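Structure first, commentary second.
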Amino acid sequence: MPEQALARSFESIGDDYDRYRPGFPAEAATVIVPAAVDAALDLGAGTGKFTRLLAARARHTYAVEPSGRMLDVLRSTLPGVEALVGTAERIPLGDASVQVVTVAQAFHWFDRGPACAEISRVLVPGGTLGLLWNRADPECAWDRACHGIAHPAAGASADSADEELPGFELVLRTQLRWTESITREHYLHRWTTVSSVLIADQPTRTRMLGDIETVIDASEQTRGRDLFDLPHVTEIYVYRRA
């Protein structure tokens, strides 16, 4: 399945993405930005799921995202953030203009070499790059099974970053475990915002969602329940610009 088509699949679902996708634990922002900074950039910001945490730790916050529809949602909820259309490979900011760049749930879509060069360009010397992803908790068998249905070609906990990135030094890699209380309806709707489901033809999409319902109906933790606990693992990589 072409990566470009998968990445573009989000362009028409800004409202649903914001409504159904999980956010991030506040501690993740503290790990990446332990003290307040003058300026920070959330790159591939989407609807602002992580931007809102970053904005609390920066005096000026930029959000860069290629989807205008995603940015419309971000602007409506975060009017104090400067939202700009752009990509990781062409960031619409000046040289050395921010102390921190964060990328939440998006770095795997970037053309890594050009993106790292651009991130390095907009960061001050010694600036911070923080990458993070929400993962399926490996101890939650039913959620892992659902990930396997929606992402048959990739493991739910596969790495999307490297310890070595051009122009950067890894200074920290850690994980945060947290639990979300979620309704059955919300959980099922969440899967309709996943790229592999969005891009699938209608028969395949229907089969995927039906198989996910079957998993929920079979698990002791979710069977017959309208509300259940969903554990997450947020994986964080923190780099310093060389």
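Go through TRP178, GLN221, VAL37 and say which Cα lies farthest out towards the positive end of the charge dipole of the chain; charges sit on Cβ, +1 for Lys and Arg, -1 for Asp and Glu.
VAL37
For every helix of n ≥ 4 consecutive DSSP H residues, a contribution of -39,500 (n - 2.57) applies; sum these over the chain, divide by its total residues, and give [θ] at 222 nm rounded to the nearest 500 deg cm²/dmol.
Details: 10 runs with 85 residues, N = 242.
Helices in the chain give a 222 nm mean residue ellipticity of -9500 deg cm²/dmol.
When 1/r is averaged over all different Cα pairs and the result inverted, which Kirkwood radius in Å belongs to the stretch 82-202? Mind showing how you got there, number by number?
On the way: mean 1/r = 0.0595 Å⁻¹.
Averaging 1/r across every pair of different Cα atoms and inverting gives 16.8 Å.
With just the Cα atoms defining each centre, how far is the stretch 104-132 from the stretch 177-192? Give it in Å.
Computed from Cα coordinates, the inter-centre distance equals 29 Å.
Computed FRET efficiency, Cβ-Cβ of GLU220 and ILE199, R0 35 Å: what is it to the nearest 0.05?
Numbers: r = 33 Å, r/R0 = 0.93.
The calculated FRET efficiency here is 0.60.
How much accessible area per residue does the stretch 117-234 have, in Å², with a 1.4 Å probe? Can you show the working numbers first?
Details: 5800 Å² over 118 residues.
Counting only protein heavy atoms, the per-residue value for the stretch 117-234 is 49 Å².
Nearest 5 percent is fine: what portion of the DSSP beta bridges confined to the chain is antiparallel? Display every interim value, and only then the final one.
Values: 27 of 46 bridges.
Here the share of antiparallel DSSP bridges comes out near 60 percent.
Where does each of 88-94, 117-123 land if you order them by average Cβ count within 10 Å, highest first?
Details: 88-94: 16.0, 117-123: 20.6.
Going from most to least packed, we get 117-123, 88-94.
Pull out the extension gain between GLN175 and VAL85, defined as 0.36 nm times the separation in residues minus the alpha carbon to alpha carbon distance; nm, one decimal. Don't skip to the end; give the middle numbers.
Values: separation 90, 0.36 × 90 = 32.40 nm, distance 3.03 nm.
Going from the current span to full extension adds 29.4 nm.
How large is the charge dipole for the stretch 39-159, taken about the Cα centre, if only the Cβ atoms of Lys, Arg (+1) and Asp, Glu (-1) carry charge, to the nearest 20 debye?
Details: 11 positive and 12 negative charges, 50 e Å.
Computed about the Cα centre, the dipole is about 240 debye.
Using the Cα centre of the chain as the reference point, and only Cβ charges (+1 on K/R, -1 on D/E), how large is the resulting charge dipole? Debye, rounded to the nearest 20. Please list the in-between numbers first.
Values: 24 positive and 33 negative charges, 72 e Å.
It comes to approximately 340 debye.
With a 1.4 Å probe and every protein chain kept in, tell me what percent of the accessible surface of the stretch 83-136 is carbon plus sulfur.
Details: 990 of 1830 Å².
Here it works out to 54 percent.
The values are calculated or read from the model by the stated rules, or taken from the named source; none is laboratory data. Given the structure is predicted, the values throughout are model-derived calculations rather than measurements. When we count neighbours, we look across all protein chains shown, and the Cβ atoms used for this are built from the backbone with ideal geometry, even at glycine. These area figures cover heavy atoms from the full protein model, side chains too; ligands, DNA and RNA do not enter into them. Shrake-Rupley method; radii C 1.70, N 1.55, O 1.52, S 1.80 Å.
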